[in-house]
Amino acid sequence: MKALLHEMSWVEAKEYFRKNDIAILPVGSNEQHGPQNPLGTDHFIAKAIAEETAKRTGVVCLQVIPFGVSHHHRQFWGTVHVSPKTLKNYVKEVCLSLSYYGVRKIVIVNGHGGNLNALTELARELRDKGIFISIFQWWPAASKLLPDIFSPEERGHAGAEETSMNLALHPHLVSVDKAVDEETRKHAVEVNGVTLPLDTADYTTSGVFGKSTTASAEKGKKVFETVVNGLVKHVNLLKKAKIEDLMAKSRV
Ligand SMILES: [Zn+2]
């Protein structure tokens, strides 16, 4: 059986959905990731994790949704973003069209932290409509491994952590010689406990938060393998779970 929905014919899709009520949907963003990384970093990584998991579990994977909530990166050229409301509605309609074929469980592989609020809101809303959505993100999934192989200054946006993932998955798109290290600026009015409506451009000139020159494909491969193993485990658990056990409890 093919792993990607868009590579199947409708006859093959029918065969899959007759037997399975689960699907994987990668979601990302198209935003600056420093001078060395492609704009598509977040959706490329989500797509790679989702597709590899689909191959290993036999659960179908959809096309990646490339645009996300990245308004705060807009000063850097080529960043293309949508509002949280638009992302939520777009993903919702994708999920509802899957549910027409009996899909009740959807694993969203989210490659961009800025999408999380909108996706969580959607997951709560659709649970009440009988569709269970789980949201998987690679950096918390590897939260035990990452601090062991990257220092705190390598773990920021477009830093060595993310650059290493790109080097492992699509090295031809990374310009290693353009990688920079940049210490982020602190805003003049910043104190602990205050949230400010700042953009990436307030913190950094290159788009890199911290250190990126120490990235390595080897480290990226290690992270990728760890993350995929974790997601495979989750998908297999979800596959077996009864839908009634995943739905909201009734009134007490
Ligand atoms: Zn990113």
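The values are calculated or read from the model by the stated rules, or taken from the named source; none is laboratory data. The structure presented is a predicted model; accordingly, all values stated were derived computationally and were not measured. Because the Cβ atoms are built from the backbone with ideal geometry, glycine has one as well, and the counts that use them run over all protein chains shown.
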- Check off (1) away from the ligand (no atom under 14 Å from the Cβ); (2) over 24 Å from LEU238 (Cα atoms) for VAL94 and give me the number that stays unchecked. (2)
- Could you check HIS112 against (1) more than 16 Å from the chain's Cα centre (by Cα); (2) within 16 Å of GLY159 (Cβ to Cβ) and say which number it fails? (1)
- Item | Any hit, the range 176-192, residues being crowded, with 19+ Cβ neighbours inside 10 Å and of a type in the set (Gly, Ala, Ser) | yes
- Message: What's the total number of residues in the range 201-238 that are surrounded by 22 or more Cβ atoms within 10 Å (Cβ to Cβ) and either assigned to a helix (DSSP H, G or I) or among the hydrophobic types (A, V, I, L, M, F, W, C) (or both)?
- Response: 8
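Kindly indicate whether any position in the range 26-43 is of a type outside the set (D, E, K, R), within 16 Å of the ligand (Cβ to nearest atom), in a helix (DSSP H, G or I) and touching a helix residue (DSSP H, G or I) at 6+ places or on another chain (Cβ under 8 Å). Break it down stepwise before answering.
Quick first cut of the range 26-43, residues of a type outside the set (D, E, K, R) only: 26-30, 32-41, 43.
If we keep only those that are within 16 Å of the ligand (Cβ to nearest atom) as well, we get 26-30, 32-41, 43.
Applying the additional criterion that residues be in a helix (DSSP H, G or I) yields 41, 43.
After this cut, where a residue has to be touching a helix residue (DSSP H, G or I) at 6+ places or on another chain (Cβ under 8 Å) as well, the list is 41.
The answer is yes; a qualifying residue exists.
Hey, among GLY58, GLY113, which residue is of a type outside the set (A, V, I, L, M) and on the phi < 0 side of the Ramachandran plot?
On the way: GLY58 fails: on the phi < 0 side of the Ramachandran plot.
Just a single option satisfies the conditions, and that option is GLY113.
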- Has the range 50-61 got any residue that is buried (at least 24 other Cβ atoms within 10 Å of the Cβ) and within 14 Å of the ligand (Cβ to nearest atom)? no
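When you go through GLY111, GLY156 one by one, which is the residue that is in contact with an Asp or Glu (Cβ under 6 Å, 6 or more places away or on another chain) and either in contact (Cβ under 8 Å) with a residue 12 or more places away in the chain or closer than 22 Å to LYS239 by Cα (or both)? Walk me through it before giving the result.
Values: GLY156 fails: in contact with an Asp or Glu (Cβ under 6 Å, 6 or more places away or on another chain).
Being in contact with an Asp or Glu (Cβ under 6 Å, 6 or more places away or on another chain) and either in contact (Cβ under 8 Å) with a residue 12 or more places away in the chain or closer than 22 Å to LYS239 by Cα (or both) holds for just one of GLY111, GLY156, which is GLY111.
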- Note on the structure: Among the residues of the range 64-83, the number that are touching a Leu at 6+ places or on another chain (Cβ under 9 Å) and in a helix (DSSP H, G or I) is 1
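In the range 7-25, which residues are in a loop (DSSP other than H, G, I, E, B) and touching a strand residue (DSSP E or B) at 6+ places or on another chain (Cβ under 9 Å)? Even if it seems obvious, please write down each step before you answer.
Kept after step one, since they are in a loop (DSSP other than H, G, I, E, B), are these residues of the range 7-25: 8-9, 20-21.
Listed by number, the residues that qualify are MET8, ASN20, ASP21.
Yes or no, residue by residue, for (1) out of contact with any Ser or Thr (no Cβ under 8 Å at 6 or more places or on another chain); (2) modelled with pLDDT under 95; (3) of a type in the set (Lys, Arg):
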| position | (1), (2), (3) |
| --- | --- |
| HIS43 | no, no, no |
| LYS55 | yes, no, yes |
| VAL60 | yes, no, no |
| GLY68 | no, no, no |
| VAL82 | yes, no, no |
| SER99 | yes, no, no |
- Query: Among the residues of the range 231-252, which ones are among the polar types (S, T, N, Q) and touching a helix residue (DSSP H, G or I) at 6+ places or on another chain (Cβ under 7 Å)?
  - Reply: ASN236
- Task: Inspect the range 109-120 for any residue being more than 28 Å from PRO38 (Cα to Cα), of a type in the set (S, T, N, Q) and assigned to a helix (DSSP H, G or I) and give the result as yes or no.
- Result: no
- Message: Testing PRO147 on (1) more than 16 Å from the ligand (Cβ to nearest atom); (2) surrounded by 15 or more Cβ atoms within 10 Å (Cβ to Cβ); (3) under 21 Å from the mean Cα position of the chain (by Cα), one condition comes back false. Which one is that?
- Response: (2)
